[in-house]
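Worksheet for the structure shown next.
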Amino acid sequence: MAVGPTCSEDNAAAMKVTRLAGAIGAEVSGVDLRRPPDAELAAGLRRVWLEHGVVVLRGQKLSSDEFLAFAATVGQPVEYPFVKGLEGYPTIIEVKKLEHERVNFGGVWHSDTTYLQRPPMATMLLAREVPPPGGDTLLASQAAAHDALSPGMRRLLAGMRCVNSSAKADTSRTREDRIAEAGKADRRVYEAEHPAVCVHPETGRRALFMNVAHTVRFADMTEEESKPLLQWLHAHQCKEEFTCRVRWQAGTLVLWDNRSTQH
């Protein structure tokens, strides 16, 4: 894609990084994404993202085209399996909660679409409209959660695999409203196995890769046999010391690493 002149050299010089919490998250200021960043700025943003797992950029009043242009500097945008995208933008879906709705979309701890054979490496959200109070998003470092395990638990999990399903009841309820409004005709069940501990392909860090929304059992084990260990792990994965909180404002853009975080 050809890109015209940008002011990203000025952006690179002005970029400031502030940690959100000890284990995860950074807020980046001094960057305007209305024009795609050049290679130097894109590389700088990626370094911050890989180091902190979550990047927050404020004041990004982007059009859908500008939003996609920035996404393309991170990776290849893909479609969500269950909800249709915006008209003309199939890879962009609305994440919203209307006044009459009682369950928020994606409102349980999870990594996105781990029931796919190749889950997306990243997720990006841009706030258009937010409520005066509430609506915050918590994110948890699964690398920090792994590192905090005992040596014995790390050895146990190193050889295990997790079975993930799109039909797990808790998360299915969180997307019912969006499916009713803009669901795709294909409602098939997706299922995939992934290692319980993944090695990040860019940083080399190990991270837990199971979640309460999609993981149903360990491979070669029954759900009943898997349940006690999974319950313990799910409680461990979202301990406060592994988390950061994002308070949304209109124009807040958040990019997180789906390979090593939950939200």
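The values are calculated or read from the model by the stated rules, or taken from the named source; none is laboratory data. Here the structure is a predicted model, which is why all the values come from computation and not from measurement. Positions of Cβ are generated from backbone atoms using ideal geometry, with glycine treated the same way; all protein chains shown enter the neighbour counts. SASA here: full protein model, heavy atoms, side chains in, ligands and nucleic acids out. Shrake-Rupley method; radii C 1.70, N 1.55, O 1.52, S 1.80 Å.
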- Number of positions in region 248-259 that are open to solvent by 20 Å² or more (accessible area, probe 1.4 Å) and either in contact with a Cys (Cβ under 8 Å, 6 or more places away or on another chain) or of a type in the set (D, E) (or both): 1
- What are the residues in region 62-85 that are surrounded by 13 or more Cβ atoms within 10 Å (Cβ to Cβ) and of a type outside the set (A, V, I, L, M), if any? S64, E66, F67, F70, T73, P77, E79, Y80, P81, F82, K84, G85
- Query: If you go through region 142-154 one residue at a time, do you hit one that is hydrophobic (A, V, I, L, M, F, W, C), modelled with pLDDT of 95 or more, open to solvent by 50 Å² or more (accessible area, probe 1.4 Å) and over 21 Å from M221 (Cβ atoms)?
  - Reply: yes
- Of all residues in region 25-54 being among the aliphatic types (A, V, I, L, M) and touching a Lys or Arg at 6+ places or on another chain (Cβ under 8 Å), which is nearest to S141 (Cα to Cα)? A26
- Task: Please go through region 46-61 and pick out each residue that is at negative phi and either open to solvent by less than 30 Å² (accessible area, probe 1.4 Å) or among the β-branched types (V, I, T) (or both).
- Result: V48, W49, H52, V54, V55, V56, L57, Q60
- Item | Residue among G159, G107, G88 that is open to solvent by 30 Å² or more (accessible area, probe 1.4 Å) and at pLDDT 95 or above | G88
- Query: Do we have S166 as under 19 Å from the mean Cα position of the chain (by Cα) and over 26 Å from V55 (Cβ atoms) here?
  - Reply: yes
- Query: Exactly one of (1) at pLDDT 95 or above; (2) outside any helix (DSSP H, G or I); (3) not charged (D, E, K, R) is unmet by P131. Its number?
  - Reply: (1)
